[in-house]
Amino acid sequence: MSFYFNRFNCLQLFNGLIFYAPVALLVRTQAGMTVSQFLLLQAVLSIVIFAGEVPAGMVTDRIGYKNSIVLSQLLLLSARACLMAAFLMKSLPLFVLEAALEGLSNVFYSGTYDAYLYGVYGEEEYLRRSTLANNFGTTGFILSTLLYYVFYALFGITGLLVSSTISSLAATVCSFGLEKEKSIAEKQEKGSADVFKTLLKSRELWVMMLVSACLTMAMLFINFFYVDKLMAVGLDEKLMTPIILGYSVVELLNARIAKRINSKNQKIFFAVSGLILSVGLILFGVLSGAMPVVILMLILPLLVDIPSVILSKYENDLIDSIVAEENRATVLSVFSMGGSLPEIAMLLVSSALSGAGTAVCFIALGVAIILLLPTFCLDKMHKK
């Protein structure tokens, strides 16, 4: 297939078609869940990811990246179907099962994405292929957002869930046709136990895990609490369509910004973007005016993307430094697993704070990032 329309990019496109995303919180609350229960569900998701990351990474390094992606897609398809059933039946146990299935899907995809692109196209082609695939995913998200209002008006939340399940089915079909990566036989030369020992001794690893957890929490709050904030400032929830379209287009600037980042200035980019993100999160929680809140809604996702890109580079640099390329999926899973532990703690705290309003969650996260930034930046300077 062509450079642009290959099966991996199409898979990303269909995975990006999440029609219920603008009202993800409402899917749960209209089925009788409270915000506190919703946050506890996200904690369940994080617990599953935490427990399954490393075992799934080890399995991936053995069965191959393509097979792991296929398995992940099958689990995600099951999760989408379960979410639809949970909403229709207003069943809390099914919501819990859906969170567990989505978590399992995540652990077989986490780390595999990067490892697959490295395995098929090599390091030189990785950046171009990765950026292109991400753009296909963003395009899918934009298309689903454009269609969200129409589907919501005609078919309600049920229609959004059905459409998302069909898109997941299409992505699953694409996964079966993916090009298989190069032989992984030689990837077993270095034992996973040796990799673990090296990683656990790395102070850099633990600091990056904390930073990763904060960035993940920021995106979680953005994805699920935007609609709540929108209604809190007196705006119609249906305005989520143009807002999501707006911030998705703004996010496309990430590739241009990334081109300006190099080894000499990446610490400065990380520190500045992290500080701006922290201030933005705090302001988002404090402000009550419609206009400034909408402006922040448009730029916050990009402010999360910039430090996330740099953190991803730091993670791969660490993998290269400990000569663990043959266990790349396992090592990247370790990063994700470690980030899940503080994420679980933050979710539990946020669940307790949610009674005071979701604004408190944004403020607390912004303060946490400000407190963590000096430790991370000084650690990178000391390492240098």
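The values are calculated or read from the model by the stated rules, or taken from the named source; none is laboratory data. From a predicted model like this one, the values you see are computed outputs, not experimental measurements. For neighbour counting, all protein chains shown are included, and Cβ atoms are generated from backbone atoms with ideal geometry for every residue, glycine included. Side chains are part of the model used for accessible areas, which takes the heavy atoms of the whole protein and leaves out ligands, DNA and RNA. Shrake-Rupley method; radii C 1.70, N 1.55, O 1.52, S 1.80 Å.
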Checklist entry - Identify, please: which residue in region 18-37 is closer than 16 Å to Phe155 by Cα and open to solvent by 10 Å² or more (accessible area, probe 1.4 Å) and is, among those, modelled with the lowest pLDDT? => result Ala21
Checklist entry - Taking Met297, is it modelled with pLDDT of 85 or more and either part of a helix (DSSP H, G or I) or not polar (S, T, N, Q) (or both)? => result yes
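Okay, residues lined up against (1) under 21 Å from Leu281 (Cβ atoms); (2) aliphatic (A, V, I, L, M):
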residue: Ile222; (1), (2): yes, yes
residue: Glu251; (1), (2): yes, no
residue: Ile257; (1), (2): yes, yes
residue: Arg260; (1), (2): no, no
Next on the checklist: Tell me whether region 108-116 contains one or more residues that are open to solvent by less than 10 Å² (accessible area, probe 1.4 Å) and within 29 Å of Leu298 (Cα to Cα).
Outcome noted: no
Checklist entry - If we scan region 45-65, do we find a residue that is open to solvent by 30 Å² or more (accessible area, probe 1.4 Å), over 27 Å from Ala133 (Cα atoms), assigned to a helix (DSSP H, G or I) and modelled with pLDDT under 90? => result yes
Checklist outcome for this item: Taking first residues from region 249-278 that are open to solvent by 70 Å² or more (accessible area, probe 1.4 Å) and second residues anywhere that are aliphatic (A, V, I, L, M), the pairs with Cβ under 6 Å that are 6 or more apart or on different chains are Ile276/Leu303
Item to check | Residue list for region 192-247, filter: at pLDDT 85 or above and basic (Lys, Arg) | outcome: Lys229
